[in-house]
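For reference, the structure is listed below as C-alpha cells.
The values are calculated or read from the model by the stated rules, or taken from the named source; none is laboratory data. This is a predicted model, so every value here is computed, not measured. All Cβ positions, glycine included, derive from the backbone under ideal geometry; neighbour counts span all protein chains shown. The accessibility values were calculated without ligands, DNA or RNA, using every heavy atom of the protein model including side chains. Shrake-Rupley method; radii C 1.70, N 1.55, O 1.52, S 1.80 Å.
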There are 2 protein chains.
Amino acid sequence: MKINPRCTYCLLSRIHYQCNLVTDDADLINKAMKECISTLNDEYDPSRTSTHIGTAVHRRCFEVLGNHDPYKEVKEINNQTALELLPSVQKKIYGVNENGEAHTIESSPQPLEESFEKAVLAAVIGNYFDFGVMGLDATDEGFKLLFDSFFEKGFDINDTKEMMNRLQKVVYMTDNCGEIVYDREVLKIIKHIQQLQYTKIENETEKNPNALIPELILVVRGAPILTDATMKDVDELGMKSIADKVLTTGSNAVGIIFEEAPPETLKAMEDATLIISKGMANFESLSDEKSVRPIAFLLRTKCEAVAEALGIEMGQSVAKLEIE
Amino acid sequence: MKINPRCTYCLLSRIHYQCNLVTDDADLINKAMKECISTLNDEYDPSRTSTHIGTAVHRRCFEVLGNHDPYKEVKEINNQTALELLPSVQKKIYGVNENGEAHTIESSPQPLEESFEKAVLAAVIGNYFDFGVMGLDATDEGFKLLFDSFFEKGFDINDTKEMMNRLQKVVYMTDNCGEIVYDREVLKIIKHIQQLQYTKIENETEKNPNALIPELILVVRGAPILTDATMKDVDELGMKSIADKVLTTGSNAVGIIFEEAPPETLKAMEDATLIISKGMANFESLSDEKSVRPIAFLLRTKCEAVAEALGIEMGQSVAKLEIE
C-alpha cells in the first residue's frame, strides 16, 4: 500500500504514544517528535510503501529514546490477557461439550471447515483488540460483548473456503501479540488438516512422486516493533511444536521489507501454496507485491487508509484471498 | 501555549481535512501534505507558540491548494445553523415568557448577572460545536440534547462574576463562525451593562472627569483561517451596531500574531479593562503573553494540549479570568 496522507499523522500520533510509554521526560519526548518529523520529511513520498516510511520513523524514535522495545510490557500483558480469554474463544470456535467446556479440534462435531472459518474469524477479531492498551482483563464483560457481536456478524469478506484448498505449504505471517494466541488455534487446525492430507498424499506418493509434502511455516518479526510478535512470543506460547519451522522477517521492519528479509523466508514465501498475512502492517507491505501470491489477508479494517485500499469500510472483518 | 507534541499530528490531520474540503485531486493533496510536513519540520520548535507554527503550516497549505478560504461554505452553514438554533438558545439564556418565547435582556425577570453567566455559558458551549462539520440542522435533537446536558452541567471554571466587574472597556476576540451567533448575545448583554454604567458614570463625570467611558470593541480575524469569523460575518450578522468598534487581528494568523496585528488592535488590548478571548486558538496565542491582561479565556477544552495547559480535563466549559 502506498502511503496515504492519513498515515502521516497516525504515525506521529503513534510515535508520541510510544514515547509516553517509556519516559515522562518532556525534553526527550520533544526531541523524539522533532527527529521523527524530520525523518518523516526526508522519507515522505506518496509513491512509497507506507510501512517503509513507518519503519524509518520508528527506528529514529527508538534511537532517540535509547529504547528498542517500548511495548515490551504491553506485549506481555496482551499475551497474558488473550490467554485468559482463550477458553471462551475456544468455545466459540469449536463449540461446547457436555461438560460445558470447549471441544477440541478432534472432538468438535462440526465439519473441519467450520472450525477453520471460526478460528480464522476469532484471529481476525483478535486483530481488533489491543488488549493491554484497552485495559482488558479476563473478566472484562466489554471484551466478551464486543467479541460476541463481531463473531456473530461474521466476515465481511470471507474467502476461508478457498483458503482451505490451498493449505499444503503455508506461510503464516503474524502481526500483534495478544491475537497471536488465537492465531495459534488457526495454526493447529491448519496442521491438523495438513496431517490428514499428508497421510493421503503419502499413500498417493507412490503414484505421484511430485505430490507436495505439507509444510507449515510461521513468520514473526525479526526484532521488536510496535506490539508485534517475535520469536520470544513463539517460544513462550509453545508455538514451535505446532509449526514445522519458525522464520522471521529478519528485522524490526513494520510488516516486512524484502531487502532485510532472510533468503530462507523469501524462499518459503515463494514456495508457499498459500501465504497467510495477518494484520494491517503485513497487508501494507504486501498488497502491492503482486509476485507474493497466492496470499490471504486476514485483518480488521482499523484505519481508513487500509479500508480504502481494500475498497471497503472501516470496522470490517476480512479474510481476502488474492491468487494473482 | 508552547507547542505540544500532540499539536503536530492534530495539525497534519487538519491540513488533510481541509485539503479534502476543496479538492479530490490526490496528487494535489499529496503535494500539500508533503509541503506542510516540510514546513512543520522547518518551524517545529518546542519553545515556540503552537499557533505560530500552525499559522505557517496552514499558509503553506493554502498556497499549494491555491485556495485561501477552504472553509468558506462550512462557515456559511455554521452561521446559518447556529441562527436557526438561536431561539432555543435564547430561551436558555433569558428564560421563557408567558407566550412560550424567549425573554429579551430587558424583559428577563432574572438578575442581569444571571443572563450574563448563561449567555457566556451558551457561547462557550457553542465553541464545542462545529455545526457544519457535524451535519447539524435546526431540527437536530442530538444538538439540543447535548447542548442541554452541557448547559445543565454549567461551568467547570466560572469567573463570570469577576468578569462582570471589569466590563468598562472590553475587547472581545471571537473564534469560530457558528458560535459567533451566541457571542452576539454576550456582546448585547455587555453593551446593556455598559449603558447602565455609562449613565451612572455620565452623572458622575462632573465629580470625576477621569471616569472611564465604556467601550466594546470586537476583534475578528483579519483574513480567513479555519472556520474563524471575519469582518464578513460581523457584517452579515449585524454585529457592527452592537460593538462600538470592530477591529481585526490584521492577518489570517491562527489566533493572533502581534507582529501582524494593527497598532489600533494592540492599543485597544492594552487599554482594555477586560479582554475576552474566545476559543482555543486565542488561548494558545495569549496564554503565555502575560502583558495582555486582564483576560478571560472562554472555551471548551476540546483537545488534551489545551486542557493540559489549563491544568484541567478535556470536555470542560471554561470562563477563566487571569488578572496578571
May I ask you to list the residues in the range A:19-52 that are acidic (Asp, Glu) and either touching a residue at least 60 places away in the same chain (Cβ under 8 Å) or assigned to a helix (DSSP H, G or I) (or both)?
A:Asp27, A:Glu35, A:Asp42, A:Glu43
For the range A:88-165, give me every one of the helices (runs of 4 or more DSSP H) that falls completely inside it and has 3 or more residues that are of a type in the set (A, V, I, L, M) and at pLDDT 95 or above.
A:112-126
Restrict the check to the range A:305-321 and report whether at least one residue is surrounded by 20 or more Cβ atoms within 10 Å (Cβ to Cβ), outside the structural domain of A:Cys19 (by TED's automatic domain parsing), polar (S, T, N, Q) and not in a loop (DSSP other than H, G, I, E, B).
yes
For B:Leu21, the lone unmet condition from (1) more than 10 Å from chain A (Cβ to nearest Cβ); (2) surrounded by 17 or more Cβ atoms within 10 Å (Cβ to Cβ) is (2)
Members of the range B:168-185 found to be touching a strand residue (DSSP E or B) at 6+ places or on another chain (Cβ under 9 Å), under 18 Å from B:Val246 (Cβ atoms) and not in a strand (DSSP E or B), listed by number
B:Thr174, B:Asp175, B:Cys177, B:Glu179, B:Ile180, B:Asp183
Being within 14 Å of another protein chain (Cβ to nearest Cβ), modelled with pLDDT of 95 or more and open to solvent by less than 40 Å² (accessible area, probe 1.4 Å), is that true of even one residue in the range A:63-78?
yes
It is to be established whether one or more residues within the range B:36-59 are aromatic (Phe, Trp, Tyr) and either at the interface with chain A (Cβ under 9 Å from one of its Cβ atoms) or crowded, with 22+ Cβ neighbours inside 10 Å (or both).
yes
Cβ-Cβ below 7 Å, separation at least six or inter-chain, first residue in the range B:122-142 and open to solvent by less than 20 Å² (accessible area, probe 1.4 Å), second modelled with pLDDT under 70: which pairs?
B:Phe129/B:Leu136
Yes/no for B:Lys290 being modelled with pLDDT under 95, touching a strand residue (DSSP E or B) at 6+ places or on another chain (Cβ under 9 Å) and not assigned by TED's automatic domain parsing to the domain that holds B:Thr55:
yes
Of all residues in the range B:24-35, how many are within 24 Å of B:Ser251 (Cα to Cα), within 8 Å of another protein chain (Cβ to nearest Cβ) and open to solvent by 10 Å² or more (accessible area, probe 1.4 Å)?
0
For the range A:230-243, indicate whether the set of residues that are modelled with pLDDT of 95 or more, buried (at least 22 other Cβ atoms within 10 Å of the Cβ) and under 15 Å from the mean Cα position of the chain (by Cα) is non-empty.
yes
Kindly evaluate A:Ala102 against the criterion of being surrounded by 15 or more Cβ atoms within 10 Å (Cβ to Cβ) and without any contact (Cβ under 8 Å) to a residue 40 or more places away in the chain.
yes
For the range B:239-297, give me the residue count where each residue is among the charged types (D, E, K, R) and assigned to a helix (DSSP H, G or I).
7
Could you check the range A:1-18 and list, in sequence order, the residues that are at the interface with chain B (Cβ under 10 Å from one of its Cβ atoms), under 12 Å from A:Gly54 (Cβ atoms) and either in contact with a strand residue (DSSP E or B) (Cβ under 9 Å, 6 or more places away or on another chain) or assigned to a loop (DSSP other than H, G, I, E, B) (or both)?
A:Ile3, A:Asn4
